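Let me begin by presenting the structure, written as C-alpha cells, before commenting on it.
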Amino acid sequence: MSDRQTMISYEEALAIVLKTAGGRRMQTESIPAATCAGRVCAQGLKVPLSIQPFDNSAMDGFAVVCSDLVGASEDKPVTLRKAGMIAAGDPVPENPVEPGSCIQIMTGAPVPPKADAVVPVELVKVEGENICFTAQPKEHANIRMAGEDFTKGDELLQPGQCLSPAHVLPLATLGIDAVEVYKKPRAAFLATGKELMDDLSQDLKSGQIYNSNRPYALAALEKMGGVCVNSQTIHDDPAIFDRVLKEYMDQNLDLIISSGAVSAGEFDFVRSGLEKAGAEILFHKVKIKPGKPNLFARLPNGTLYFGLPGNPVASAAGLRFFVDPALRAMTGRNPESPVQAKVMNGFSKHSHLRMFLKARAEIWEDGLLTVDLLDGQASFMVSPFLEMNCWAMAPEGKEEIKAGDMIDLYPLFPHEGLI
C-alpha cells in the first residue's frame, strides 16, 4: 500500500495503471460486422477471398483481344463480329473470345477468357452483329482485375484495432458478417459533493453549483470505449459512500470512477472508505496539475477504482490521462503516443509538476503543426473547452514554456484528430 504522503511522477502512475488494467483484460464476444463501429477488434482476421473475385468489366462495352485491333484508327477501322453478350450476375464464361470476334459486356459482368480489354460502347459503331473499332485499346483497359482490391490471405484486421464505420464497407464487400471484439468495460460513476445540483433545468440555490462532472464523464466514457451502467451523486457523507461502494462492488463492475473527496480535507472520505472495504491503494498523489490528488486502487473483487478530484478540469484530465489508458489496456490496445507541435505562446509553470494544458492546435498550409496554450488554465475554468481541440502536456522539470518550443499534444478525446 502506498504511503499517504508519497507523491509519484506521472510516468510512474501511468505504468501502475497500465500494468494493473492490463491484468484485467476483457472477455470477447462476436457481434454483427455492421455494428462494429466504436468497438475494439479482439482477433486477427485474414482476407477470406480475393476481390475482385474474377476479372470483370468496369464499363458497358465490348470485351476484345487487343491483338485483333492492331492498327485500328479513324482512317482504318477494324470490324469484329459480336459473338454473344454477358451481363452482370452471369457465371464466369468458360469459352474464350475467338479470333476476329468480340463479346458485348455489361458493367460488373465477368470477362471471358483471352479477352484483355473492354472498349466502351460509346467508342464503337454498331452495325447489327458487326462492331466497328477505331482505336487499339491498352491491355487491361476498363477491366477490374481479380485480386486488385484484396488478395486472399492478406492481413485484414489486427487485435487491438479500433473499428469505425469505415470498416463496415470492406467487411461487407468480403462477405464477413461477424467480428470478434472485446466486450466494453462496464463502469459506474459517482459524483460527491453537497453543493452539486444534478437537475440542470433547475435554478441554483444559495451555495450550489451544477454538477458538470457527471454528464461529462458519461459522455467521455462512451467516447473512450466504455459503458457506464450506473451513475449517481451523493452528499459528503462517509456512510453513504460506504453503502454505494458496496452496491457497486456487488455489481462486479470493471471500474468505478468518482469525482471529489480525494484530497486531505475533513470531508475527503474516499480513501478511508476504500481502505475500510479492503481496497489496495496503488497511488494517491501524482506530480501533475490539474489533479495532484488522483487516486487509483484495486478493490478485493478486482474492480479498478479511480478517485478523481472534484474540480471539473482536474476530473476531465483524470479521465483522459488515467481512465482512458486503463480502458486501452483492458481491451488490448497499444498505449497512446503524442504528436509534437510548435508552441505559439509562452506559459510559466511549477517546475516539479507535469501539466495538462488546455490548447488549440492548427495545421498550416506548409504542414507545420502549431499550438496555442489557451487562457484560463485554472482547474475550475471550463470556458476554454469551447475552443480547445487538444491537451498540451508540459513536462516536469521545466518552469517556462517559450514560444517556439516543441510540446507533446493529445487530442481532446482519444481516436479524434487534432484538427
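Some points to look at:
- Pairing residues of region 271-293 that are under 14 Å from residue 304 (Cβ atoms) with residues that are open to solvent by 10 Å² or more (accessible area, probe 1.4 Å) and modelled with pLDDT under 95, at Cβ distances under 7 Å and at least 6 apart in sequence or on separate chains, gives 280/1; 281/1; 281/2; 282/2; 283/2.
- For region 254-287, filtering for residues that are of a type in the set (S, T, N, Q) and farther than 14 Å from residue 191 by Cα leaves 2.
- Residue-level analysis places residue 104 among those that are open to solvent by 20 Å² or more (accessible area, probe 1.4 Å), part of a strand (DSSP E or B) and polar (S, T, N, Q).
- Residue 281 in contact with a Lys or Arg (Cβ under 9 Å, 6 or more places away or on another chain) and assigned to a strand (DSSP E or B): yes
A quick yes/no check of all residues on (1) modelled with pLDDT under 95; (2) assigned to a loop (DSSP other than H, G, I, E, B); (3) within 24 Å of the chain's Cα centre (by Cα):
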position	(1), (2), (3)
206	no, yes, no
214	no, no, yes
217	no, no, yes
252	yes, yes, no
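- Region 219-238, subset assigned to a helix (DSSP H, G or I) and among the charged types (D, E, K, R), residue nearest to the chain's Cα centre (by Cα): 223
- Selected residue (criterion: modelled with the highest pLDDT) from residues of region 400-416 that are over 16 Å from residue 345 (Cβ atoms) and surrounded by fewer than 18 Cβ atoms within 10 Å (Cβ to Cβ): 408
- Region 10-62 - residue that is of a type in the set (Phe, Trp, Tyr) and in contact with a helix residue (DSSP H, G or I) (Cβ under 8 Å, 6 or more places away or on another chain) and, of those, nearest to residue 334 (Cα to Cα): 10
- Positions within region 294-308 being out of contact with any strand residue (DSSP E or B) (no Cβ under 7 Å at 6 or more places or on another chain) and either on the phi > 0 side of the Ramachandran plot or in contact (Cβ under 8 Å) with a residue 60 or more places away in the chain (or both), in sequence order: 302
The values are calculated or read from the model by the stated rules, or taken from the named source; none is laboratory data. Model, not experiment: these values are computed from the prediction. For neighbour counting, all protein chains shown are included, and Cβ atoms are generated from backbone atoms with ideal geometry for every residue, glycine included. Just so you know, the surface numbers come from the protein's heavy atoms only, side chains and all, with ligands and any DNA or RNA stripped out. Shrake-Rupley method; radii C 1.70, N 1.55, O 1.52, S 1.80 Å.
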